[in-house]
Amino acid sequence: MALDEYRRKRSFTKTSEPRGRKVKSATGRVFVVQHHRASHEHHDFRLELDGVLKSWAVPKLVSTTPGVRRLAVQVEDHPLAYATFTGRIPEGQYGAGTVSIYDHGTWEPEEDPHDGLTSGKLAFRLTGRKLKGNWVLVRTARGRGQSEKPQWLLIKRKPGA
């Protein structure tokens, strides 16, 4: 199911991360970007869809400059409760390190988001405190194998694009 991999990777007796369940927010379109100071500092970019947070790790941090491409490695879905999670994941646990919220708000897909995830091009608008405007996630040819995580590019689009 949607959160099985998330739960399999964590020991909830040792981490304060939410166990969570599949549930929809009031808007149904929450986004959050978390700053994760783990073994490799990165941003976790998350979009609510179907009661979970679709999630990507962005190794070089999210760029707000139009046209700049950032690698975004798709990771397991997270529960909606993770959108407000901050704190320290203990050493020895998956994702050990400090998690803080960089930005949050709502997102609006330009077309059906399910089609976008399937086709490999998801265009959307973010309305957050820091991140505003049009963005696109584009799946690359890398990471399509059984053992590899899907790789995408997260791109801030120019106004009107």
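The values are calculated or read from the model by the stated rules, or taken from the named source; none is laboratory data. All figures in this text were calculated on a predicted structure; none of them were measured in a lab. Methodologically, a virtual Cβ is constructed for each residue, glycine included, from the backbone with ideal geometry; neighbour enumeration extends over all protein chains shown.
Descriptive notes on the structure:
- Residue that is in contact with a Leu (Cβ under 9 Å, 6 or more places away or on another chain), of a type in the set (Phe, Trp, Tyr) and farther than 23 Å from Leu153 by Cβ, where the choices are Tyr94, Tyr82: Tyr82
- Taken together, the criteria place Thr64 among residues that are among the β-branched types (Val, Ile, Thr), in a loop (DSSP other than H, G, I, E, B) and over 18 Å from Arg10 (Cα atoms).
- Test: residue in region 4-14 that is of a type in the set (Asp, Glu), within 19 Å of Thr86 (Cβ to Cβ) and within 16 Å of the chain's Cα centre (by Cα): no
- Just one residue in the set Gly128, Gly120, Gly87 is under 22 Å from Lys9 (Cβ atoms) and either surrounded by fewer than 17 Cβ atoms within 10 Å (Cβ to Cβ) or touching a residue at least 24 places away in the same chain (Cβ under 8 Å) (or both); that residue is Gly87.
- Reported count of residues in region 2-43, each being charged (D, E, K, R), in contact with a Ser or Thr (Cβ under 6 Å, 6 or more places away or on another chain) and part of a strand (DSSP E or B), is 1.
- Single match in Ser39, Ser63 (criterion: polar (S, T, N, Q) and under 22 Å from Arg142 (Cα atoms)): Ser63
- Near pairs, Cβ below 7 angstrom, 6+ apart or cross-chain, from region 16-34 (farther than 22 Å from Leu137 by Cα) to any residue that is in a loop (DSSP other than H, G, I, E, B) and modelled with pLDDT under 85: Lys22/Ala2
- Scoring Thr65 on the criteria (1) closer than 17 Å to Lys22 by Cβ; (2) in contact with a strand residue (DSSP E or B) (Cβ under 8 Å, 6 or more places away or on another chain) leaves a single failure, condition (1).
- Residues (more than 25 Å from Gly133 (Cα to Cα), touching a residue at least 40 places away in the same chain (Cβ under 8 Å) and within 17 Å of the chain's Cα centre (by Cα)) located in region 35-47: Arg37, Ala38
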